[in-house]
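The values are calculated or read from the model by the stated rules, or taken from the named source; none is laboratory data. Here the structure is a predicted model, which means the values were calculated and not measured. Methodologically, a virtual Cβ is constructed for each residue, glycine included, from the backbone with ideal geometry; neighbour enumeration extends over all protein chains shown.
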Amino acid sequence: MEAVEEQNERYFEGILTTVRFNDERRFGGDPKSLDAFMQRLLIHFSNVPLGNRNLIDPDILGESYEYLIDRFAEGAGKKGGEFRTPPTVVRTIVELIKPQEKMRIHDPTCGSRGMLIGCGRYVDDHGGNPRNITLTGQEKNYSTWAIGKLNMLLHNFPDGDIRNGDTITNPRFVEGGTLQVFDRIIANPPFSLKEWHGIEADPATGKVDSKQVKARYENDPYRRFRRGVPPTTKGDTAFLQHMVEVCNDHGMVGVVMPHGVLFRGGAEGKVRQALLEEDLFEAVIGLPEKLFYGTGIPASILILNKAKPDERKGKILFIDASPEGFYHEGKNRNSLRLQDILRIVAVYDAWADADRVPTCIEELASLWSKAVEMHRSRQLKRAPSDDIRDEVNRKFDAEAEEIEQARQAVCEWFTAEHPGGRTSLEKFAAVVPLEEIAKEYDFNLNLSRYVDPTDPPPQLDVTEELKKLRELEKKRDAAEQKMNQLLEELGYGV
């Protein structure tokens, strides 16, 4: 492994030698049985042709590796969320920020690189060249950095520039003393990280000196925290401010954040207010609970845009995709279905305009279907036999059917009738002026203030209800008269 790494230093430096192949606890048994185990592995895989020229789907190794990462994340408890974001959440954010060819895309907390790979897939699915984008990222944990670098290689993104280090305390993408900027920032930072500032707690008290934290970051050389220094125990707005600073003047940020960022006061409230006053927020999308590895709390997707279209300036789109029925409910963890992604993205693209939503639903479904047919065509050309061609067709027929079912489900949802006369769209989303958010809600972005998914209690027709009451009274009187008659016949006076 050392020799392979040395001969392919550009791609494998620091990756292959991080695994301890002589670890008896990891691979089981004494040295003799361990050698036999490794021998069997090598013999087995030497008989399986895994070069791209041998594979119908050139991404099959990457898909297999991501499958293993998913299984690892599922079993890693709270640590699973540190390196893996559910693929359906990744796809939702990517569909919202729409990366394009020639763009520089950056993930400052990139974990196993799922979000960067998702951006590459999006460009490919939309007819672009995924090699004609620049993918960069930073990851603090060295083992996760190695996992993610290999993930990029297996997905055929060998030129991805992924650097090891702490984004807040030691940003690695710096040029001439200033932060490099990018067209798209996409990230899922650790929720409410306590140790974001890199300052050790006092051994005697176990507490971090907040004055020391404030002094260090008020003098941040990159001026990332001019809107406010986050509290010592919650790093959410530290990551958010970093992402805003590395986003160029025509760029967008798509980030997952816990709901507390939307309403917490103090230093976080000041940061939120400053970002709102700069008109950077474009959309706030509430997600269901139990979506993420290692935590059951619900989260939100924040879309910030430094080049908001004129019709979106001075406004924010709120979407509540958290109610029951807008996700698949699993035993241990929930997930977004294709129809749930379609619903969110169509409403965002239409900017909650009821006249435009149906068109956006059809356009998205059409684009997804074209991507399926493109991948089908590629794989059919590489298929060596009729049996394998049939297998390829079955696979892509199922994907095409899933898209059609999603399209129908969202169309039915959109046209459904609800008690009280409210539309499905009104219960799902709202566009709110910044002036209202500032004056009436004091810069609070809590979704429940702007979107109400519940139906109103049914209104009673008093005249009709009184009529029913009188009918019941007549029946009661008749029953009482009959009872009295029976009692008299039995000799009981009434």
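Considering Leu275, Leu338, Leu304, which residue is in the same structural domain as Tyr122 (by TED's automatic domain parsing) and surrounded by 22 or more Cβ atoms within 10 Å (Cβ to Cβ)?
Leu304
What pairs can you find where one residue is in segment 141-154 and in the same structural domain as Gly118 (by TED's automatic domain parsing) and among the basic types (Lys, Arg), the other is assigned to a loop (DSSP other than H, G, I, E, B) and surrounded by fewer than 20 Cβ atoms within 10 Å (Cβ to Cβ), and their Cβ atoms are less than 8 Å apart, with a gap of 6+ or different chains?
Correct list of pairs: Lys149/Gly14; Lys149/Ile15.
Output yes when any residue across segment 231-239 is in contact with a Pro (Cβ under 7 Å, 6 or more places away or on another chain), touching a residue at least 12 places away in the same chain (Cβ under 8 Å) and either more than 27 Å from Ala321 (Cα to Cα) or among the hydrophobic types (A, V, I, L, M, F, W, C) (or both), and no when none is.
yes
Could you check how many residues of segment 16-70 are part of a loop (DSSP other than H, G, I, E, B) and either in contact (Cβ under 8 Å) with a residue 24 or more places away in the chain or over 21 Å from Ile147 (Cβ atoms) (or both)?
Residues in segment 16-70 being part of a loop (DSSP other than H, G, I, E, B) and either in contact (Cβ under 8 Å) with a residue 24 or more places away in the chain or over 21 Å from Ile147 (Cβ atoms) (or both): 12 in total.
With respect to Glu435, determine if the residue is in contact (Cβ under 8 Å) with a residue 40 or more places away in the chain, outside the structural domain of Asp279 (by TED's automatic domain parsing), more than 27 Å from the chain's Cα centre (by Cα) and exposed (fewer than 15 other Cβ atoms within 10 Å of the Cβ).
So Glu435 passes the test.
Here is a check on your reading of the model: is Pro453 within 29 Å of Leu367 (Cβ to Cβ), outside the structural domain of Val284 (by TED's automatic domain parsing) and modelled with pLDDT under 95?
yes
Give the number of residues within segment 166-207 that are assigned to a strand (DSSP E or B) and among the basic types (Lys, Arg).
Counting residues in segment 166-207 that are assigned to a strand (DSSP E or B) and among the basic types (Lys, Arg) gives 1.
Tally up the residues in segment 98-128 that are hydrophobic (A, V, I, L, M, F, W, C) and under 12 Å from the mean Cα position of the chain (by Cα), please.
1
Within segment 198-207, is even one residue surrounded by 14 or more Cβ atoms within 10 Å (Cβ to Cβ) and either touching a Leu at 6+ places or on another chain (Cβ under 7 Å) or of a type in the set (Phe, Trp, Tyr) (or both)?
Taking every residue of segment 198-207 in turn, none turns out to be surrounded by 14 or more Cβ atoms within 10 Å (Cβ to Cβ) and either touching a Leu at 6+ places or on another chain (Cβ under 7 Å) or of a type in the set (Phe, Trp, Tyr) (or both).
In segment 208-220, which residue that is part of a loop (DSSP other than H, G, I, E, B) and without any contact (Cβ under 8 Å) to a residue 24 or more places away in the chain is surrounded by the fewest Cβ atoms within 10 Å (Cβ to Cβ)?
It comes out as Asn219.
So which residues in segment 438-479 are under 39 Å from the mean Cα position of the chain (by Cα) and of a type in the set (Lys, Arg)?
Within segment 438-479, Lys439, Arg449 meet the criteria.
Residue by residue through segment 338-364, note down the ones that are small (Gly, Ala, Ser) and touching a residue at least 24 places away in the same chain (Cβ under 8 Å).
Ala346, Ala352, Ala354
What is the one condition in (1) touching a residue at least 12 places away in the same chain (Cβ under 8 Å); (2) acidic (Asp, Glu); (3) part of a helix (DSSP H, G or I) that Asp455 does not satisfy?
With respect to (1) touching a residue at least 12 places away in the same chain (Cβ under 8 Å); (2) acidic (Asp, Glu); (3) part of a helix (DSSP H, G or I), Asp455 is out only on (3).
Would you say Asp249 is assigned by TED's automatic domain parsing to the domain that holds Val89, in contact with a Lys or Arg (Cβ under 9 Å, 6 or more places away or on another chain), touching a residue at least 24 places away in the same chain (Cβ under 8 Å) and crowded, with 18+ Cβ neighbours inside 10 Å?
When the stated conditions are applied, Asp249 does not pass them.
Just one of Val284, Val261 is within 20 Å of Pro231 (Cα to Cα), under 21 Å from the mean Cα position of the chain (by Cα) and of a type in the set (A, V, I, L, M); which is it?
Only one candidate passes the filter, namely Val261.
Considering Gly137, Gly165, which residue is assigned by TED's automatic domain parsing to the domain that holds Thr232 and crowded, with 20+ Cβ neighbours inside 10 Å?
Just one listed residue meets the conditions, Gly137.
Could you please give the count of residues in segment 231-281 that are more than 12 Å from Ile303 (Cα to Cα), part of a loop (DSSP other than H, G, I, E, B) and in contact with a strand residue (DSSP E or B) (Cβ under 8 Å, 6 or more places away or on another chain)?
2
Identify all residues within segment 352-411 that are of a type in the set (Ser, Thr, Tyr) and surrounded by 13 or more Cβ atoms within 10 Å (Cβ to Cβ); write none if there are none.
Within segment 352-411, Thr359, Ser369 qualify.
This table checks each residue for (1) touching a strand residue (DSSP E or B) at 6+ places or on another chain (Cβ under 8 Å); (2) closer than 30 Å to Thr454 by Cβ; (3) touching a residue at least 60 places away in the same chain (Cβ under 8 Å); (4) assigned to a helix (DSSP H, G or I).
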residue: Ser366; (1), (2), (3), (4): no, no, no, yes
residue: Ser369; (1), (2), (3), (4): no, no, no, yes
residue: Gln379; (1), (2), (3), (4): no, no, yes, yes
residue: Glu391; (1), (2), (3), (4): no, no, no, yes
residue: Asp397; (1), (2), (3), (4): no, no, no, yes
residue: Ala400; (1), (2), (3), (4): no, no, no, yes
residue: Phe414; (1), (2), (3), (4): no, yes, no, yes
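It is to be established whether one or more residues within segment 113-124 are of a type in the set (Lys, Arg), within 25 Å of Glu245 (Cα to Cα), in a strand (DSSP E or B) and in contact (Cβ under 8 Å) with a residue 12 or more places away in the chain.
No: zero hits.
Give me a count of the residues in segment 129-162 that are among the polar types (S, T, N, Q), under 22 Å from the mean Cα position of the chain (by Cα) and not in a loop (DSSP other than H, G, I, E, B).
5
Name the single residue that is nearest to Tyr122 (Cα to Cα) among those in segment 334-372 being touching a helix residue (DSSP H, G or I) at 6+ places or on another chain (Cβ under 6 Å) and of a type in the set (Gly, Ala, Ser).
Selected residue: Ala371.
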